[in-house]
Amino acid sequence: MMSMDSASSNTGFAVPDGLRGRYRRRRVYSALGWLICGTSFVVLGLALLDILFSIAAGGFPALSTKLFTQPTQGVSGGLLNAIEGTLILTLGSVLISGPIGIGVGIYTSEKRDHFFARVVRFMSDVLVGVPSIVLGLFGYITMVVGLGWHFSALAGAITLSVMVTPYIARTTELALIALPGSLRESAYALGASEASVVFRVLLPSCTGRVLTGLLLAMALSMGETAPLIYTVGWSNYTWDGHLTHEPLGYLTYVIWSFINEPFQSAHELAFAAALLITAFALAITLSSRLIFRYLDKR
Amino acid sequence: MSAAVIRTVNQRSRAARSFKRTAFSVLLRGFSLILPITLVGLFVFLIWGSWPVLQFNGLGFLVSNDWNLGSQYGTPTTVGGHMVLPGASYGVLFLIFGTVASSVLALLFAVPVGVMAAMFVAEIIPEGIRDMVAAIVELLAAVPSVVFGLWGYVVVIPVFSHYVYPVMANVLGFIPGFGQPVGAGYGLMTAGIVLALMVVPIITANVREAISAVSRGDVEAGFALGATRFEVTRKIILPQTHRAIIGVTILGLGRALGETMAVLMVCGNALNIPGNIYSPVSTMAAFIVSQLDSALQDPTGMAVASLTEIGLILLIVGLVVNAAARLLLWQVRE
């Protein structure tokens, strides 16, 4: 590149000196520009690495089998109750929001020419922007107090599913829209009803993408805290099987409240909980990205 | 006979099929209503939950600065037809200030850094590994907000309050609000930094998408005129993504305004307007959580209702901001 530049300047075009100086200046400015851009990228990358590193540094020493076998006692003990609670809430919210979200996604993609479908899509985009704490208040007013469920697993799972349903609807819709139109046309040409077109032809051909939506919803509801403070409460005991009237422990609560306690054991639990939650959330997000890439290549 | 059998079978299956068809279309219609009903429900129940305080406060609470739940042990008195604890008042001006200030600060950091990082990834990183490299920044979005809070608490606060803020106060001290005292690290600046990191992945991902949508013809025309790669990116690609950048900035604003846990853990939970950029603040979302315990002690229920009112404001702001952002981004896509 450089040799070509010098070669051309030696052999021919008469470039005025002023212009050459200006060109050099432009090259320097460009290099500087990229340097600044690269620096901002590196800063962001380092921030992520530092987050992961400090969580790992605090969390790994705190890992022990006790975490997985004992419930929390005050600010020490294990995390069995919290791990169990997080699993229940996450699975519960995906069980509720999965079918609903996929249904909404089917509606907005298959009826996409209808005006109302556009309205629904817009609403689903806007619902994503409702702060999660507001959903928590909503759950508190309607379920915890209104229906008299008190702090409970079901109230939390439903609140979380209100939060993630728009995401699932959106990914399902995008997955269905990405399918070739000929697939629909040939299915309809064979005389299939709308339902069989959707359930026997369209959905099976984009299972992977719909699944990525569900996985992302899981990662989201797993890492959420604010709406649960108002709907699930906290409990030191493992779940007793009641869906209502019984508070539940969950991992993100441990991170938030135990780090403020002035005890070594509490800090260890907070870091261990952070490590578990971050590892799970990142693993789910990464694997859904990989699935997506694999599907795109196929 | 066999013809009759075939006819009945046909009729039966036709009936079954038409039933299935109606069932499916009814089901779809039902699904179409779920999200609108949720949205309306959010409004209705938040208004219902905050109704007594809406009447008690009027609109004055937005501009007054006196949050006081009243005396826990006093006998509830009746003011304007509502039972409240003596001395209770619910002004939230400081919350509005804290929320807006921390979000604006976050965007001041996040937008330039996010856009430049997106430029770097889209134009410098080779195509084969671009997605992997971009994932480094975009994975920040997968970190739960409470983990950001923990990181802010154990890393950002000690490091910045010891090494960064004192230097900042000395160098920038001539600007009002940037001088000493730097305090303990809990506050507006720290909240802004943590929020910026949470908002950045949205910005980078969307700007990267917008950059890849710019027509290659324009780019090649730029190179043909002898522009350097940076000049092409800065003067040809970037202007075409302006609308996307504005849209995603508003989207990020919505995210920052409503962020709860991370801010709660680093903001210091002050009940007044901060004295300088390092002082403790409180945001609406964080306040709703930090006040829950004391609000539940209020036998008149007015405290919870007033928190619900803050939630109602957050809901309205969140919806407006997000709707604006989506409309802009939709226009970009089409």
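Counting the residues of the stretch B:131-164 that are open to solvent by less than 30 Å² (accessible area, probe 1.4 Å), away from chain A (no Cβ under 13 Å) and over 15 Å from B:Val194 (Cα atoms) gives 0. Just give me the residues in the stretch A:187-206 being assigned to a helix (DSSP H, G or I) and among the small types (Gly, Ala, Ser), in sequence order. Within the stretch A:187-206, A:Ala187, A:Ala189, A:Ala195, A:Ser196, A:Ser205 meet the criteria. The lone criterion from (1) in contact with a Pro (Cβ under 6 Å, 6 or more places away or on another chain); (2) facing chain A (nearest Cβ under 8 Å) left unmet by B:Thr300 is number (2). Report yes if A:Glu84 is within 13 Å of another protein chain (Cβ to nearest Cβ) and among the acidic types (Asp, Glu), otherwise no. Here the answer is no, as A:Glu84 does not meet what is asked.
Can you confirm whether A:Glu261 is more than 12 Å from A:Gly156 (Cβ to Cβ), modelled with pLDDT under 90, of a type outside the set (Lys, Arg) and open to solvent by 20 Å² or more (accessible area, probe 1.4 Å)? Considered against the rule, which asks whether it is more than 12 Å from A:Gly156 (Cβ to Cβ), modelled with pLDDT under 90, of a type outside the set (Lys, Arg) and open to solvent by 20 Å² or more (accessible area, probe 1.4 Å), A:Glu261 comes out as yes. Residues in the stretch A:264-286 that are farther than 20 Å from A:Thr65 by Cβ and open to solvent by 50 Å² or more (accessible area, probe 1.4 Å): A:Ala283, A:Leu286.
Please tell me if A:Ala226 is more than 18 Å from the chain's Cα centre (by Cα), within 10 Å of chain B (Cβ to nearest Cβ) and either surrounded by 24 or more Cβ atoms within 10 Å (Cβ to Cβ) or closer than 21 Å to A:Leu95 by Cα (or both). The answer is no for A:Ala226.
If you take the residues in the stretch B:114-130 that are part of a helix (DSSP H, G or I) and among the β-branched types (Val, Ile, Thr), which one is nearest to the other protein chains (Cβ to nearest Cβ)? Only one residue tops the list, namely B:Val121. Taking the stated definitions as given, is A:Arg209 assigned to a helix (DSSP H, G or I), touching a residue at least 24 places away in the same chain (Cβ under 8 Å), basic (Lys, Arg) and in contact with a helix residue (DSSP H, G or I) (Cβ under 7 Å, 6 or more places away or on another chain)? Here the answer is yes, as A:Arg209 does meet what is asked. The listed residues are A:Val128, A:Val197, A:Val134, A:Val201, and the only one of them that is within 11 Å of chain B (Cβ to nearest Cβ) and open to solvent by 10 Å² or more (accessible area, probe 1.4 Å) turns out to be A:Val128. Would it be correct to say that A:Arg22 is modelled with pLDDT under 90, basic (Lys, Arg) and open to solvent by less than 80 Å² (accessible area, probe 1.4 Å)? So A:Arg22 fails the test.
The values are calculated or read from the model by the stated rules, or taken from the named source; none is laboratory data. Please read these numbers as outputs of a predicted model, since none were measured by experiment. FYI the Cβ positions are ideal-geometry reconstructions off the backbone, even for glycines, and counts take in every protein chain you see. Surface accessibility is based on the protein's heavy atoms, side chains included, excluding ligands, DNA and RNA. Shrake-Rupley method; radii C 1.70, N 1.55, O 1.52, S 1.80 Å.
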